[in-house]
Amino acid sequence: LTGPARPSYSAPMPTLEWIAFDADDTLWHNERLFDYAQDRFAALLGEYREAAWIRERLFETETRNLAHFGYGIKAFALSMLETATELTEGRITGAHVTALLDLTKEMLAAKVELLPGVAETVKALAKGRRLLVITKGDLLDQQSKMERSGLAPFFEHVEVVSDKTAEAYGKIFARHGMDPGRLLMVGNSLRSDVIPALDVGAWAVHVPYETTWLHEVADAPSGHPRFREAASIDSVPEIVAEIDDIP
């Protein structure tokens, strides 16, 4: 996906030329869908085990399958089907399968709900910076959510990757001729959005979401000179200005 052409500047370029945003749980709500789906999944199979046990097995299956299916709702659906098959010892019914497929379609069609302050922050930053999205998951799903969010016109590029690693960030920056030292990555995941971006020389802001998938939990790189913590996305423009003022 491509957005507006590069703006022209009459004044010297600011320190930060690019602002990159994660998508899920940074620009819009996403983890809520998975929490809801896990509750539905546990209730569907409640006759076999208690909910906590089912959710734990599902997480183990998801983690095991990341190397095969990657991230996103469709990968989650396959892990639900596998977990249900194992839990029922192969006795999963057609009704169960239909219910899980319907749940998956419901998740894919869910309304894109922007987080508070996102629209205002993106619009403000787009006036003087070049914006892009770097997210992981299913390409079709992420493209659909971006279009339905109403934010697409503000971003020059939308990059959907299979995983967020230092190598993945480095390839994106090289492909677009971006200087990592003049790019700020904004996201809710320390593991995916912050640490690998710092590792390739970019700046990073952690904006915590209300819940965090266990797989994304990591220790904050406190004390790193290019790391910043923000209580909400509304604080990002102030952080951008602060970085620009660094000699």
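The values are calculated or read from the model by the stated rules, or taken from the named source; none is laboratory data. Note that this is a predicted model, so its numbers are computed, not measured. Positions of Cβ are generated from backbone atoms using ideal geometry, with glycine treated the same way; all protein chains shown enter the neighbour counts. The accessibility values were calculated without ligands, DNA or RNA, using every heavy atom of the protein model including side chains. Shrake-Rupley method; radii C 1.70, N 1.55, O 1.52, S 1.80 Å.
Fully extended, how many nm does the chain gain between Asp245 and Glu56 (0.36 nm per residue separation, minus their Cα-Cα distance)? Don't jump to the answer; show the numbers that get you there.
Values: separation 189, 0.36 × 189 = 68.04 nm, distance 4.67 nm.
That pair, Asp245 and Glu56, stretches by 63.4 nm at full extension.
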Kindly flag which residue pairs out of Lys127/Lys164; Lys111/Lys164; Lys105/Lys145; Lys74/Lys105 have an alpha-carbon separation exceeding 19 Å in this structure. Lys127/Lys164; Lys111/Lys164
Span from the the range 34-111 Cα centroid across to the the range 122-190 one, whole angstrom: 29 Å
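Of all DSSP beta bridges in the range 101-247, what percent run antiparallel (nearest 5)? Intermediate values should be presented prior to the final figure.
On the way: 0 of 12 bridges.
Approximately 0 percent, going by the DSSP bridge assignments.
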The answer for the net charge of residues other than Phe154 whose Cβ lies under 11 angstrom from its Cβ, with Lys and Arg +1 and Asp and Glu -1, is +3
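Among 182-195, 146-159, 74-87, how do they line up from the highest to the lowest mean number of other beta-carbon atoms within 10 Å?
On the way: 182-195: 24.5, 146-159: 17.8, 74-87: 19.4.
Descending mean neighbour count gives 182-195, 74-87, 146-159.
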Which angle from 0 to 90°, rounded to the nearest 10, does the C-alpha axis of helix 94-108 make with the longest principal axis of the chain? 10 degrees
With n ≥ 4 as the cut-off for DSSP H runs, can you work out [θ] at 222 nm for the chain, using -39500 (n - 2.57) per run divided by the number of residues, rounded to the nearest 500? -13500 deg cm²/dmol
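Suppose all protein chains stay in the model; what accessible area per residue would a 1.4 Å probe give for the chain, in Å²? Intermediate results must be reported in sequence, preceding the final value.
Values: 11640 Å² over 247 residues.
Per-residue accessible area for the chain comes out at 47 Å².
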Show the residues, 5+ positions off or on another chain, whose built amide H is closer than 5 Å to the amide H of Glu229. His206
Amide H contacts under 5 Å for Phe21, restricted to residues at least 5 apart in sequence or on another chain and with H modeled in the peptide plane, are Leu132, Val133, Ile134, Val186
Can you list residues whose amide H is under 5 Å from Trp28's amide H, if they're 5+ apart or on another chain and H is modeled 1.01 Å from N? Leu115
For the range 93-247, give the percent of accessible area contributed by carbon and sulfur heavy atoms, probe 1.4 Å, rounded to a whole number. 56 percent
Give me the net charge of Gly170's neighbourhood, meaning all other residues with Cβ under 14 Å from the Cβ of Gly170; Lys, Arg count +1, Asp, Glu -1. -2
What FRET efficiency comes out for the pair Thr88/Leu140, r = Cβ-Cβ distance, R0 = 35 Å, nearest 0.05? 0.70
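Find out how many positive minus negative residues lie around Ala119, taking Lys and Arg as positive, Asp and Glu as negative, among other residues whose Cβ is under 13 Å from that of Ala119.
Numbers: positive: Lys123; negative: Glu113, Glu120, Asp234.
Result for the neighbourhood of Ala119: -2.
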Cα-based helix-to-principal-axis angle, 73-87 vs the chain, degrees rounded to 10: 30 degrees
Compute the helix-to-body angle for 139-149: its Cα long axis versus the longest principal axis of the chain, expressed 0 to 90° and rounded to tens. 60 degrees
